Amino acid sequence: MAQLRMEVRDSAGTILPGHGDAFFDLRLPGDHRRVAQTLLRIIRGDDFRSPVHSVHFFRGASEIGCWSVDDERAEMSFADEFAHTPPAAA
């Protein structure tokens, strides 16, 4: 059975040892990007100085999902902007 591989990287893209892992690839349906988002939040916790910058999932040589601190900031910025947008005129 093939494996699904997870890599955790710093801001320079260097793989951080001790964080990544390989799993049996059950090919379950799902959004690996959101799984990476959740794992990034768990790994970083409240440590803003954490070297962990991104989580990546690979099936074979193909990346099938990733999430980074930059993605997190962009999503939060969008949510903040949307929250302050006045409703459309009727």
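The values are calculated or read from the model by the stated rules, or taken from the named source; none is laboratory data. Not measured: the values here are computed from a predicted model. Positions of Cβ are generated from backbone atoms using ideal geometry, with glycine treated the same way; all protein chains shown enter the neighbour counts. Surface accessibility is based on the protein's heavy atoms, side chains included, excluding ligands, DNA and RNA. Shrake-Rupley method; radii C 1.70, N 1.55, O 1.52, S 1.80 Å.
Points worth noting:
- Applying the condition of being open to solvent by 50 Å² or more (accessible area, probe 1.4 Å) and in a strand (DSSP E or B) to segment 1-52 and asking which residue is nearest to Ile64 (Cα to Cα) yields Arg5.
- Selection of first residues in segment 26-38 that are under 13 Å from Arg59 (Cα atoms) and of a type in the set (A, V, I, L, M, F, W, C) and of second residues that are surrounded by fewer than 16 Cβ atoms within 10 Å (Cβ to Cβ) and modelled with pLDDT under 90, restricted to Cβ pairs under 9 Å at least 6 apart or on distinct chains, gives the following pairs, ordered by first then second residue: Leu26/Met1.
- Single residue of segment 53-78 satisfying the filter (part of a strand (DSSP E or B) and polar (S, T, N, Q)) that is surrounded by the fewest Cβ atoms within 10 Å (Cβ to Cβ): Ser62
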